[in-house]
1. If you place +1 on the Cβ of every Lys and Arg, -1 on the Cβ of every Asp and Glu, and leave all else neutral, what size is the dipole of the chain about its Cα centre, to the nearest 20 Debye?
2. Considering segment 41-120, what Rg and Dmax in Å follow from its alpha-carbon atoms?
3. Under a 10 Å cutoff between Cα atoms, tell me which one of Pro77, Pro56, Pro99 has the largest fluctuation in the Gaussian network model of the chain.
4. Using DSSP, restrict attention to beta bridges with both residues in segment 102-217 and report what percent are antiparallel, rounded to the nearest 5.
5. By its C-alpha gyration tensor, with a ≥ b ≥ c as the square roots of the eigenvalues, how is segment 106-199 shaped: rounded for a/c under 1.5, else prolate for a/b larger than b/c, else oblate?
6. Per DSSP helix of 4 or more residues, -39500 (n - 2.57); summed, then divided by the residues of the chain. What does that give at 222 nm, rounded to the nearest 500?
7. Sort out for me the Cα centre separation of segment 52-67 from segment 81-108, rounded to whole Å.
8. Which FRET efficiency, nearest 0.05, do Asn145 and Glu57 yield, Cβ-Cβ r, R0 35 Å?
Amino acid sequence: MSDAPFKNPGWAGNTGEFDLTEEQVRGDDFVGRRPKDGGHPSGAGTLPYMLAEKAPEAALFEGEYHARFEKILTRYPTKMAALLPALGLAQEIRGHLSPETMDRVAELLELSPAYVRGVATFYTMYNKRPVGRHLVQVCTNISCNLAGADDVVDAFLRYTDTELGETSEDGNFTVIEAECLAACGFPTCVQINSRYFENVTPAEVPKICEHLKAQGE
Ligand code: FES
């Protein structure tokens, strides 16, 4: 974490409608520092969370992560109903959902592998292959597109020296396009791991990437 919190190029609070700073609303961590056991059961199964370091070969689910898995199960009437947060937890640990990972989750939840693969491949927020420490999702849907999202994508690809979907050599970045991120009033919107960057222009891309690299190392 840096001493001087990074200033998002734009975010909803900038409209003056709120008194809170971005750090007060979102914190200033860009990669995961959530307790392994997920804290209170109500938070244990929340959205997929990206850790700075992945462990693609790690066991599912052991130690504190086992406690977290059990907490998730307590919140659902059946094991099947817990599939989405269980997949999210598997991705948090391993970084992506390989076929083997999906099969292991199927085994733990007593579901068929085909069912789990069908669900996992339906949702784009589950990574089906490895991604970098920072997954950069640039919205290229209509509002952002009209505001120059394609140039923002190009700027990220140039900075990271990658093609779409590739991971940079240093393992820091994977850049992909995303459909509408529901921040159409603040184009171009970019989701990096679980955080939004709004009103992003190509000129701000190097500053954003440098900040993320400094924080992720
Ligand atoms: S079009 Fe980009 S956030 Fe909706």
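1. 700 debye
2. Cα-based Rg and Dmax for segment 41-120 come out at 11.4, 32 Å.
3. Pro77
4. Antiparallel: roughly 55 percent of the beta bridges in segment 102-217.
5. Cα axes put segment 106-199 in the oblate bin.
6. It comes out at -10000 deg cm²/dmol, rounded to the nearest 500.
7. So the two Cα centres are separated by 11 Å.
8. Values: r = 39 Å, r/R0 = 1.12.
Efficiency, rounded to the nearest 0.05: 0.35.
Here, each number is a calculation from the coordinates, and none is a lab measurement. Being a predicted model, the structure only gives us computed values, none of them experimental. For neighbour counting, all protein chains shown are included, and Cβ atoms are generated from backbone atoms with ideal geometry for every residue, glycine included.
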